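Working notes, structure below.
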Amino acid sequence: MVDFMSNNKSWFKPKKFGWGFTPITIQGWLLTFLLVVVVIATLNIFGCFFQVNWGRCVLSFVVIVLEIIVFSIISYKKCSCKK
């Protein structure tokens, strides 16, 4: 099995202004697109688009925060900023 994190090529670079990273390779853009798809799917699964159930929406918020944390860790590990 191929470990996609093992190669040393950077997928992201630091932004010129503000905080965060900018995708610079196709892998970085695909990871960013995947985050958007996963967040939309989370909102759809928990039903926060058309029906407002505050308990489910709070739970979906927690799940989305966890998804963003995972995305941030991966993008930091694949960033050219720490070299």
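If the condition is being β-branched (Val, Ile, Thr) and either loosely packed, with under 10 Cβ neighbours inside 10 Å or in a helix (DSSP H, G or I) (or both), then the range 6-24 contributes no residue at all. Filtered by the rule that a residue be out of contact with any Asp or Glu (no Cβ under 8 Å at 6 or more places or on another chain), part of a helix (DSSP H, G or I) and among the polar types (S, T, N, Q), the range 25-62 gives Gln27, Thr32, Asn44, Ser60. Among residues that are in contact (Cβ under 8 Å) with a residue 40 or more places away in the chain and basic (Lys, Arg), Lys77 is included.
I'd like the residue in the range 47-83 that is of a type in the set (Gly, Ala, Ser) and either surrounded by 15 or more Cβ atoms within 10 Å (Cβ to Cβ) or modelled with pLDDT under 90 (or both) and, out of all such residues, is farthest from Trp11 (Cα to Cα).
Gly55
The values are calculated or read from the model by the stated rules, or taken from the named source; none is laboratory data. Keep in mind it's a predicted model, so treat the numbers as computed, not measured. Cβ sites come from the backbone with ideal geometry, for glycine too, and all protein chains shown count toward neighbours.
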